[in-house]
1. Setting aside same-chain residues fewer than 8 positions from LYS179, which lysines have a Cα under 21 Å from its Cα?
2. Could you pull out the GluC sites (Glu not before Pro) across the range 109-214 that fall in loop regions by DSSP (anything but H, G, I, E, B) with no more than 13 other Cβ atoms inside 10 Å?
3. Provide the percentage of antiparallel DSSP beta bridges, counting only those with both residues in the chain; round to the nearest 5.
4. Could you point to the residue in THR184, SER120, ALA197 farthest towards the positive end of the chain's charge dipole, with +1 and -1 charges on the Cβ of Lys/Arg and Asp/Glu respectively?
5. May I ask for the angle, rounded to the nearest 10°, between helix 205-218 and the longest principal axis of the chain, with both axes built from Cα atoms and the value confined to 0 to 90°?
6. On a 0 to 90 degree scale, rounded to 10, what angle separates helix 227-237 from the longest Cα axis of the chain?
7. When the dipole is taken about the Cα centre of the chain, and only Lys, Arg (+1) and Asp, Glu (-1) are charged at their Cβ, what size is it in debye, to the nearest 20?
8. How about LYS19: which aspartates and glutamates have a C-alpha closer than 17 Å to its C-alpha, ignoring those fewer than 8 places off in the same chain?
Amino acid sequence: MGHIDRMGIKFRGRAQRQKFEELAEREMHPSFYADDCAMTVLGLRDSVLYLLNQIGWETTPIRRQFVTYRRLTLEFLSSLIYLPNHGKGINRGFIQFRMFNMEYQYNIREFTNLLGFPTSFDTFTMSQEDLFEYRELEHFWGSLTGNDDPEEHEFLSGNIHNPAFRYFHKILAHTLFGKRSNITTVSRDELFIIFCASQNRPVNGATYMLASFDRLIQDDRAPILIGGLITMIANAIR
């Protein structure tokens, strides 16, 4: 490993410094965002905003375009500790990270409120395996694509007939979950959130985002495409 520029970051300890050095070896690219002009030209803007409204995301900054800062992104990811099952009730969840050489700590409700996602008692914080059997999501996929019995490899965004749902999926996949632009698969979480939008059920985007960060940190081959979301968090804090 060559020399790594630590960018003046004061690390919490050896574990964060080691994670920082591993992350610094990874590719990093700007986040992808919805294009308001393109949505307007395509006549989709109102429909896509309606779907965001259906899951309670109309006041979140998720559609605002934020610049990716390499130092901030590496500092945040290398220091992130996310324990979704820690604690109970309104104090549930433990989220700790460093930004600007300062330590920040929240529970899930506090962090969600910071970003303007819904926190009401009926809000989904994760895809509900127990409430929504896989067949029900398959049936919903059938209503989107005309294919009621899809094979695993057929969950592709290009198969969605409705262009507003297809564009809404792009926002989920490439902004919230930080997928590369050429990946068109629809994950179970993405399909579940689209399903919630069709049912007017609120979804806590913050918990999905944190789980996605966790997966990204563990996947040492994936490029880092979520820097804009981390700038969004920094902007909300400051």
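Each value in this text was obtained by applying a stated rule to the coordinates, not by laboratory testing. Please read all numbers here as calculations on a predicted model, not as lab measurements. Because the Cβ atoms are built from the backbone with ideal geometry, glycine has one as well, and the counts that use them run over all protein chains shown.
1. Excluding near neighbours in sequence, the set is LYS170.
2. GLU129, GLU133, GLU151
3. Around 80 percent of the beta bridges assigned by DSSP in the chain are antiparallel ones.
4. With unit charges placed on the Cβ atoms, the residue in question is SER120.
5. Helix 205-218 and the main axis of the chain meet at about 60 degrees.
6. Tilt of helix 227-237: around 70 degrees.
7. Dipole about the Cα centre, nearest 20: 1300 debye.
8. In chain and number order, the partners are ASP5, GLU27, GLU75, GLU103, ASP214, ASP219, ASP220.
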